[in-house]
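Student: My questions will all concern the structure given below.
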Amino acid sequence: MPAHPLPRRRRARAAAVVAVLLGLLALVTACGSSSSSSSASEGGGSGSSDTAVPSGDVKPYTLKIGYVGVSEPSGAEGYYGSLGKLQEDLAPYGVEKIEWVRFPAGPPAAQALTSGAVDIQFSGDVSTIVARANGGEVVVALDQNYDGLDPWLVAKKGGPTSLAELEGKSVAVAAGSFLDRFLEIVLKDAGLYDKVTIVNMDPNQSQTAVESGSVDAAVILAPQAPTLQADGHPVLAQASKDAPRAVATTLTSANKKFLDAHPEFPAAWEKARTNAARYIQENAEAYSDYMVDVVYKGAYSAEAVAQYLSPDLYTLVPWSDAGTKLLEEEKTWLLDNGWIKTDFDISEWQWQY
């Protein structure tokens with residue numbers, strides 16, 4: 001996905017974000033890559049299902065899961081799946097195989113869901129809200145599975161050492177994502193929003209660009225951000241410390257047509273997902289080893305990796321009052337900035353168990 005400068009002012013920037021998100025639909029096939037498949041032996045629009053009880057005539061099918069990452073599926077579901085346990089939990093409901101499809105950022109993952117290229121996907125809450133607003137009721141929110149996505153604003157070596165020094169400089173960020181929301185909040189709080197050139201790059205490109213010095217700063221996550229900090233890159237802001245309202249969550253969302261075909265899936269998935277969260281909380285050391293050695297191939301220290309997808313921040317309930325309040329605030333922010341044009345009811349969007 002090529003990088004290109006985004007306009008600075010709100011109205012033009014909003015139009016650019018919407019255009020980028022719609023354009024990504026055409027790039028889904030190119031951006032997504034099948035990571036791994038695991039064998040085992042199923043799972044409404046927004047509705048409800050009280051218990052996960054398999055019917056007697058479930059037909060075997062392959063579950064396609066989209067995720068944002070750099071290699072193998074990460075987090076609770078990725079690790080649990082690598083052990084075969086996710087497949088075991090879903091096998092009674094017809095899932096005979098899981099195909100993991102990797103994307104470089106949340107917007108293309110969300111667009112893949114809208115198009116039906118994947119059945120469910122994990123991505124940041126902001127890009128999922130945008131997908132629901134632009135894609136309509138085809139996008140159904142199943143759960144808020146992780147509560148602690150913590151963006152960092154990191155500068156190039158020898159570059160700015162404070163937010164004030166960003167004036168007239170360039171910052172790389174993935175357009176339309178929770179990373180982008182964090183950057184806008186930080187820049188507006190500092191009075192710099194119209195004084196910085198914002199360049200649209202996916203997170204991997206952003207990291208490369210700030211390391212090479214081709215941009216002055218970039219918005220990235222752990223483990224990359226603390227690793228760059230240890231290597232001498234100045235940290236200009238961190239959401240959890242400097243803009244707590246910009247700390248984001250991840251959502252599991254599903255394609256409505258998929259849920260219509262597999263009405264038992266939501267309850268079956270929620271049981272499997274919470275099993276995965278409990279499992280990594282009870283096996284934190286083994287989970288850390290997986291993240292360090294398998295997901296990040298030893299490129300980052302255990303200390304740096306521990307600051308991303310921490311076991312303690314995986315949720316054991318699909319929705320919380322605080323999490324729902326955050327989604328409402330993010331949706332309002334998107335509407336106010338013109339990034340989405342269609343309002344919708346968050347509570348009706350959330351699957352009710």
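Student: Report whether or not G323 is on the phi > 0 side of the Ramachandran plot and either part of a loop (DSSP other than H, G, I, E, B) or not aromatic (F, W, Y) (or both).
Tutor: Answer is no for this residue.
Student: Criterion first (within 22 Å of P107 (Cα to Cα), part of a helix (DSSP H, G or I) and of a type outside the set (S, T, Y)) does W333 satisfy it?
Tutor: Here the answer is yes, as W333 does meet what is asked.
Student: Restricting attention to region 86-134, which residues are in a strand (DSSP E or B), surrounded by fewer than 24 Cβ atoms within 10 Å (Cβ to Cβ) and of a type outside the set (A, V, I, L, M, F, W, C)?
Tutor: Scanning region 86-134 gives E96, K97, E99, R102.
Student: Collect the residues in region 267-314 that are β-branched (V, I, T) and at pLDDT below 95, keeping them in residue-number order.
Tutor: Within region 267-314, V305 is the sole residue that qualifies.
Student: Filter region 59-81 for residues that are surrounded by 17 or more Cβ atoms within 10 Å (Cβ to Cβ) and not in a strand (DSSP E or B) and give the result.
Tutor: Correct list: G69, E72, P73, S74, G75, A76, E77, G78, Y79, Y80, G81.
Yes/no per residue for (1) at pLDDT 80 or above; (2) outside the structural domain of E184 (by TED's automatic domain parsing); (3) under 18 Å from P266 (Cα atoms):
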site: S49; (1), (2), (3): no, yes, yes
site: S71; (1), (2), (3): yes, yes, no
site: Y79; (1), (2), (3): yes, yes, no
site: K85; (1), (2), (3): yes, yes, yes
site: F103; (1), (2), (3): yes, yes, no
site: Q111; (1), (2), (3): yes, yes, no
site: S123; (1), (2), (3): yes, yes, yes
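Student: Which numbered condition in (1) surrounded by 17 or more Cβ atoms within 10 Å (Cβ to Cβ); (2) in contact with a strand residue (DSSP E or B) (Cβ under 6 Å, 6 or more places away or on another chain) is the only one that E330 fails?
Tutor: Only one criterion in (1) surrounded by 17 or more Cβ atoms within 10 Å (Cβ to Cβ); (2) in contact with a strand residue (DSSP E or B) (Cβ under 6 Å, 6 or more places away or on another chain) is unmet by E330, namely (2).
Student: Also, I was wondering about something else. With modelled with pLDDT of 95 or more and out of contact with any Cys (no Cβ under 7 Å at 6 or more places or on another chain) as the only criterion, which of G213, G176 stands out?
Tutor: Sole residue among the options that is modelled with pLDDT of 95 or more and out of contact with any Cys (no Cβ under 7 Å at 6 or more places or on another chain): G213.
Student: Have a look at S320, S310, S301 and point out the one that is more than 21 Å from D143 (Cα to Cα) and not assigned by TED's automatic domain parsing to the domain that holds K188.
Tutor: On inspection, the qualifying residue turns out to be S301.
Student: Here's a check for you: in region 313-325, which residue that is touching a helix residue (DSSP H, G or I) at 6+ places or on another chain (Cβ under 7 Å) and not polar (S, T, N, Q) is surrounded by the fewest Cβ atoms within 10 Å (Cβ to Cβ)?
Tutor: Among those that are touching a helix residue (DSSP H, G or I) at 6+ places or on another chain (Cβ under 7 Å) and not polar (S, T, N, Q), it is L316.
Student: On to the next question. Give the residue that is nearest to the chain's Cα centre (by Cα), with candidates limited to residues of region 145-180 that are assigned to a loop (DSSP other than H, G, I, E, B), among the charged types (D, E, K, R) and crowded, with 20+ Cβ neighbours inside 10 Å.
Tutor: Per the criteria, the residue is D150.
Student: Give me the pairs, please: first residue somewhere in region 259-277 and closer than 19 Å to G81 by Cβ, second residue anywhere and among the basic types (K, R) and assigned to a helix (DSSP H, G or I), beta-carbon distance under 8 Å, and either six or more positions apart or on two chains.
Tutor: Between residues of region 259-277 that are closer than 19 Å to G81 by Cβ and residues that are among the basic types (K, R) and assigned to a helix (DSSP H, G or I), the close pairs are N275/K85; A276/K85.
The values are calculated or read from the model by the stated rules, or taken from the named source; none is laboratory data. A quick note: this is a predicted structure, and the numbers were derived from the prediction, not measured. Don't worry about glycine lacking a Cβ; one is built from the backbone with ideal geometry, like all the others, and counts go over all protein chains shown.
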